[in-house]
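Student: First, the structure itself, so that you have it in front of you.
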Amino acid sequence: MTNGANGGQAQEQPPQLNVLAQYIKDFSFENPHAPRSLNPNQPQPSINIQINVNAKPVAASDYEVELKLEGKAESGGSVLFSFDLLYAGIFRLTNIPQESIHPVMMIECPRLLFPFAREIIANAVRNGGFPPLLIDPVDFVGLYRQRLAELQAQGAASQVT
């Protein structure tokens, strides 16, 4: 703690993460073979989903964090449905140590956005005539660590060449 102007102890402010806004930036759902794809006797499709997180500052302590979810369901070599969602939020990070800002943006912010993005996709898939797609919870800590390892490997590879 530090001394205040009047000689007393000043209170340190606790770290804060505030959600200022959430919004869909871009969304696409395709059901390219309807109504054939809606046949109830379809075998269980294979579903592939990719998730990416990006963040950028928009003001001194405000950051836009984007959660991108892309996926498609395929059966018998044809696409049943596909989606592409870019869901974002504006977050205010205050009293957070500088070295912790990046992990908070890339882990905690998408963790807060994910349930809303999941619901958007589930509703779109259901409205497309399929059972709702309930995406499993995402380990954003694991994704963050994986991305850091990839960047470190790229940095090591670029130093060799």
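The values are calculated or read from the model by the stated rules, or taken from the named source; none is laboratory data. As the structure is a prediction and not an experimental result, all values here were calculated from the model. Heads up, the Cβs are rebuilt from the backbone with ideal geometry, glycines too, and the neighbour counts pull from every protein chain shown.
Student: Filtering segment 93-136 down to residues that are loosely packed, with under 13 Cβ neighbours inside 10 Å and assigned to a loop (DSSP other than H, G, I, E, B), which residue is modelled with the lowest pLDDT?
Tutor: Pro131
Student: Would you confirm whether any residue within segment 139-149 is farther than 17 Å from Asn18 by Cα and either over 20 Å from the mean Cα position of the chain (by Cα) or in a strand (DSSP E or B) (or both)?
Tutor: no
Student: For segment 56-92, name all the residues that are part of a strand (DSSP E or B), surrounded by fewer than 17 Cβ atoms within 10 Å (Cβ to Cβ) and without any contact (Cβ under 8 Å) to a residue 40 or more places away in the chain.
Tutor: Answer for segment 56-92, where residues must be part of a strand (DSSP E or B), surrounded by fewer than 17 Cβ atoms within 10 Å (Cβ to Cβ) and without any contact (Cβ under 8 Å) to a residue 40 or more places away in the chain: Lys56, Pro57, Glu70, Glu74, Ser75.
Student: Here's something else I'd like to know. For segment 35-57, does any single residue satisfy the condition of being in contact with a Leu (Cβ under 8 Å, 6 or more places away or on another chain) and more than 21 Å from Asp136 (Cα to Cα)?
Tutor: Taking every residue of segment 35-57 in turn, at least one turns out to be in contact with a Leu (Cβ under 8 Å, 6 or more places away or on another chain) and more than 21 Å from Asp136 (Cα to Cα).
Student: Given the structure, is Gly4 at pLDDT below 90 and surrounded by 10 or more Cβ atoms within 10 Å (Cβ to Cβ)?
Tutor: Details: at pLDDT below 90: yes; surrounded by 10 or more Cβ atoms within 10 Å (Cβ to Cβ): yes.
Spelling it out, Gly4 is indeed at pLDDT below 90 and surrounded by 10 or more Cβ atoms within 10 Å (Cβ to Cβ).
Student: Could you tell me which of the residues Leu113, Leu38, Leu20 is in contact (Cβ under 8 Å) with a residue 60 or more places away in the chain, touching a Gly at 6+ places or on another chain (Cβ under 8 Å) and over 19 Å from Leu133 (Cβ atoms)?
Tutor: Working: Leu113 fails: over 19 Å from Leu133 (Cβ atoms); Leu38 fails: over 19 Å from Leu133 (Cβ atoms).
Among Leu113, Leu38, Leu20, only Leu20 is in contact (Cβ under 8 Å) with a residue 60 or more places away in the chain, touching a Gly at 6+ places or on another chain (Cβ under 8 Å) and over 19 Å from Leu133 (Cβ atoms).
Student: Name the single residue, out of those in segment 54-85 being β-branched (Val, Ile, Thr) and at pLDDT 95 or above, that is farthest from Arg118 (Cα to Cα). Walk me through it before giving the result.
Tutor: Narrowing segment 54-85 to residues β-branched (Val, Ile, Thr): 58, 65, 79.
Narrowing the set further to residues that are at pLDDT 95 or above leaves 58, 65.
Working: Val58: 25, Val65: 16 Å.
Only one residue tops the list, namely Val58.
Student: Looking at segment 35-54, is at least one residue touching a Phe, Trp or Tyr at 6+ places or on another chain (Cβ under 8 Å) and in a strand (DSSP E or B)? Show your work before the answer.
Tutor: At the first step, the residues of segment 35-54 found to be touching a Phe, Trp or Tyr at 6+ places or on another chain (Cβ under 8 Å) are 37-38, 53.
Now narrow it down to the ones that are in a strand (DSSP E or B): 53.
Yes: one or more hits.
Student: State which residue is farthest from the chain's Cα centre (by Cα) when the search covers only segment 69-119 and only residues that are hydroxyl-bearing (Ser, Thr, Tyr) and farther than 30 Å from Pro35 by Cβ.
Tutor: Thr94
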